[in-house]
Amino acid sequence: MAALQLEKQRGRYAALAIAAVVIVVGIPLWWKTTETYRAWLPFSDISELDTLQLQLSVDIEVVFSRGTLTPEQQKKVPLSHVSEKEHHIDEADLSLHMLSESSCGSVVVYVIPESSTLLPEDVKVYVGQRRTALLRSPPFKSSWSLKEVLSSLDVKVEQVVSTMSFNHQDIVAALSDRVRMTKVTKESMADSMRAIKSSPGYEITFSLLNPDPKSHSLHWDIEGAVQSCIQPLLNKLAPIANFSVDSQILYYAVLGVNPRFDNSVSAYALSADSLSHVINPVEARLGSNAASSNPVLNFLLYVPDAHHSPLFIRDHSKREVPSNAFHSPRWGGIMVYNVNEMYGPEAERPVDININMAKVMGVFLAQLRLMLGVQHTHPPPGFVLQSPGSAGLADWELDRLLWSRSVENIATASTTITSLAQLLDQIGNIVINDNIAQQVSSAVTSLQSAVVELEAGNLAFALQYSREAILASERAFFDPSLLHLLYFPDDQKFAIYIPLFLPMCVPIVLSLLKIMSEAKQKRAEKQAKSD
């Protein structure tokens, strides 16, 4: 009897020991080894991005030329330097640029006397290729103080800054993905929708479409044309993104629509309504660069076959488009190049044709500017804007683009990081490894630095930090490790763990219940004896 009691006592201790080991050691160990690893993220800093306030500052330098101010007024200028030089208007922009090297994002306004012959009489402001502008001063009274003189220039200087730097419409259009488009002009909205979204790099493809190689043997110096016409623009845009350019010739590539013959002009015509049907069939022949994830800008030169020449593009008003080209927002452009006048009907086929690349690249360059976000500038009356020349882009036009891209990058990166933080906060199964946490922290830090640099007017540094922010945010958002446990519902967990734990837990639970029952029985017997 005593041996039986000792054996039962030993069984109870064994069951209690096993249960204690399972509860104290097994369950915490299982919980720790199977929990989802989630590195720390700066959620407090990320939540502040929703209420981010951007303050953009532009450094403006106003320089008064000799004869603009009276000697008494000039003495009141804190810092002044008089330099006498005589220039023609074409030389003035370069000379003033050399006189005062302006930093990226800044504007220098040179005020010249009202009677100056440097500008034509009807020109009030001349904006050059650099970051300088010539402003014809309004009549000043000799009794005016310096403050009154500057106040009389406020309106014109503000117009110059809006033309050469940025304005409210440009910034709101850049923030179109984050703010309601209530006070944006149709033109600014159209420019924003036409331009391709900000990206670390772009692929530019020039394609020559020859639907009739039996009739036309086409020759184009695309390499030389790119070097002389496109590369200067891409060099100036190097701070914004990396560009790669390639070209190809596609034979027997036809348009997706049949042009209609117009008897009144003895030519074929493409209406504006049919242009939307041209791109898809042609795009299928273009191919894609699978090795790169950068957006692609396509520029197509189409030479009509002999049976559909000449071919002209018409706008919605049924008038011929002077450039004989059109563009598709965020995709590229197509130009129709007629060659029927270059040879007679008795010419031997195929006819060798050298394409005028200067004419073609002039059209493609204008389309490329639109695709990259170089918006149309409509200056106030009395303003004259100098052509950007061979560079394809004036310095102040580059600054306008940098302002828009910096703001757009900040908006895009903050949206990406905020969306990622909300996703990670709502779904606890997603693994957050150290690499993702590092990318998120880097993006938040770069965003904060970009905002500070914008407030200080340091455009170059603001763009650099905004690019770092958008790169880090996209690397974190599209990290493959985030998808490992994203679609792992709770019922699958039960299906995995129940067959493992149920056979082990049933004997332990039954033993504990038996021990509790025996303990209650003993307690009841003791109470009965005491009674």
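The values are calculated or read from the model by the stated rules, or taken from the named source; none is laboratory data. Being a predicted model, the structure only gives us computed values, none of them experimental. Note that each Cβ is placed from the backbone with ideal geometry, even for glycine, and that neighbours are counted across all protein chains shown. Remember, those area values only see protein heavy atoms, side chains included, never the ligands or the DNA or RNA. Shrake-Rupley method; radii C 1.70, N 1.55, O 1.52, S 1.80 Å.
The table below gives the values:
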quantity: Residue in the stretch 202-223 that is touching a Ser or Thr at 6+ places or on another chain (Cβ under 7 Å), modelled with pLDDT under 80 and open to solvent by 20 Å² or more (accessible area, probe 1.4 Å) present; calculated: no
quantity: Strands (runs of 3 or more DSSP E) enclosed by the stretch 222-315 - at least 2 residues per element that are farther than 21 Å from E203 by Cα; calculated: 260-262, 267-270, 311-313
quantity: The stretch 463-485, residues that are of a type in the set (A, V, I, L, M) and either buried (at least 16 other Cβ atoms within 10 Å of the Cβ) or part of a helix (DSSP H, G or I) (or both); calculated: L463, A469, I470, L471, A472, A476, L482, L483
quantity: Search result, residues across the stretch 381-409 that are within 26 Å of the chain's Cα centre (by Cα), at pLDDT 85 or above and in a loop (DSSP other than H, G, I, E, B); calculated: L393, A394
quantity: Which listed residue is modelled with pLDDT of 85 or more, assigned to a helix (DSSP H, G or I) and surrounded by fewer than 22 Cβ atoms within 10 Å (Cβ to Cβ), from A413, A421; calculated: A421
quantity: Of the criteria (1) in contact (Cβ under 8 Å) with a residue 60 or more places away in the chain; (2) buried (at least 17 other Cβ atoms within 10 Å of the Cβ); (3) not basic (K, R), which one A460 fails; calculated: (2)
quantity: Selected residue (criterion: surrounded by the most Cβ atoms within 10 Å (Cβ to Cβ)) from residues of the stretch 331-377 that are among the charged types (D, E, K, R) and free of Cβ contacts under 8 Å to residues at least 60 places away in the same chain; calculated: K359
quantity: Candidate set from the stretch 385-399 (those that are of a type outside the set (D, E) and in contact with a helix residue (DSSP H, G or I) (Cβ under 7 Å, 6 or more places away or on another chain)); member that is most open to solvent (accessible area, probe 1.4 Å); calculated: S390
quantity: Restricting the stretch 234-282 to residues that are closer than 30 Å to R467 by Cβ and of a type in the set (D, E, K, R), the residue that is least open to solvent (accessible area, probe 1.4 Å); calculated: K236
quantity: Members of the stretch 424-453 that are within 30 Å of V107 (Cβ to Cβ) and under 17 Å from the mean Cα position of the chain (by Cα); calculated: S446, L447, A450, V451
quantity: Any pair with Cβ under 7 angstrom, 6 or more apart, that starts in the stretch 215-228 at a residue that is over 29 Å from G344 (Cα atoms) and ends at one that is modelled with pLDDT of 90 or more and assigned to a strand (DSSP E or B); calculated: V226/V245
quantity: Close pairs (6 angstrom Cβ cut-off, 6 or more residues apart or separate chains): open to solvent by less than 50 Å² (accessible area, probe 1.4 Å) in the stretch 7-29, part of a helix (DSSP H, G or I) anywhere; calculated: R12/I515; A15/S511; A19/I508; A19/L512
quantity: Selection within the stretch 307-330 - open to solvent by less than 40 Å² (accessible area, probe 1.4 Å) and more than 29 Å from the chain's Cα centre (by Cα); calculated: S309, P310, L311, I313, V321, N324
quantity: Condition check for P381: open to solvent by less than 70 Å² (accessible area, probe 1.4 Å) and closer than 27 Å to R136 by Cα; calculated: no
quantity: Extreme residue, least open to solvent (accessible area, probe 1.4 Å), among residues of the stretch 46-66 that are among the hydrophobic types (A, V, I, L, M, F, W, C) and closer than 18 Å to E453 by Cβ; calculated: L49
quantity: Residue satisfying condition, being in contact with a Pro (Cβ under 8 Å, 6 or more places away or on another chain) and modelled with pLDDT under 90, within set A456, A528, A519, A460; calculated: A460
quantity: Matching residues in the stretch 433-460 - criterion: being within 14 Å of S404 (Cα to Cα) and in a helix (DSSP H, G or I); calculated: A450, V451, L454, L459, A460
quantity: Test for R136: is it within 27 Å of the chain's Cα centre (by Cα), more than 30 Å from I417 (Cβ to Cβ) and either open to solvent by 20 Å² or more (accessible area, probe 1.4 Å) or modelled with pLDDT of 70 or more (or both); calculated: no
quantity: One residue from E397, E455 being in contact (Cβ under 8 Å) with a residue 24 or more places away in the chain, over 23 Å from P480 (Cα atoms) and either of a type in the set (D, E) or touching a His at 6+ places or on another chain (Cβ under 7 Å) (or both); calculated: E455
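Let's see how each residue does on (1) modelled with pLDDT under 70; (2) out of contact with any Gly (no Cβ under 8 Å at 6 or more places or on another chain); (3) surrounded by 12 or more Cβ atoms within 10 Å (Cβ to Cβ):
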site	(1), (2), (3)
K156	no, yes, yes
R180	yes, yes, no
K186	yes, yes, no
M189	yes, yes, yes
R194	yes, yes, yes
S198	no, yes, yes
